[in-house]
1. ALA33: among the aliphatic types (A, V, I, L, M), on the phi < 0 side of the Ramachandran plot and at pLDDT 85 or above, yes or no?
2. Just give me the residues in segment 36-68 being at pLDDT 75 or above, exposed (fewer than 14 other Cβ atoms within 10 Å of the Cβ) and of a type in the set (A, V, I, L, M), in sequence order.
3. If you go through segment 41-68, how many residues are within 12 Å of the chain's Cα centre (by Cα) and not acidic (Asp, Glu)?
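The values are calculated or read from the model by the stated rules, or taken from the named source; none is laboratory data. Because the structure is predicted, anything quoted here is derived from the model rather than measured. Every residue, glycine as well, gets a Cβ built from its backbone with ideal geometry; the counts of neighbours run over all protein chains shown.
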Amino acid sequence: MSTNIEIGTAYTLCEEVFLVAKDPVHFTQTGLADAHLSVLPGVKRICCEMPDIPAMLKQEYVHLIDTG
């Protein structure tokens, strides 16, 4: 919620967009503007608790982890 400008800008600039929320209701049609952003192709969504975010990002973006 309230991040439509940031999400839209990142998406327009072809940046990867990964949305995290504790409650899946944020990824459903809660309003016309929210519905458009939450269903865009290429926008990844995950529901988890705050402490789990680093592990989820590592799992999703394993190619960005420096193993050297």
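1. Working: among the aliphatic types (A, V, I, L, M): yes; on the phi < 0 side of the Ramachandran plot: yes; at pLDDT 85 or above: no.
So ALA33 does not fit the description; no.
2. Residues satisfying the conditions are MET50, ILE53, ALA55, VAL62.
3. Pass one, segment 41-68, residues within 12 Å of the chain's Cα centre (by Cα): 41-48, 53, 56-57, 60.
Remaining after also requiring not acidic (Asp, Glu): 41-48, 53, 56-57.
Final tally of qualifying residues: 11.
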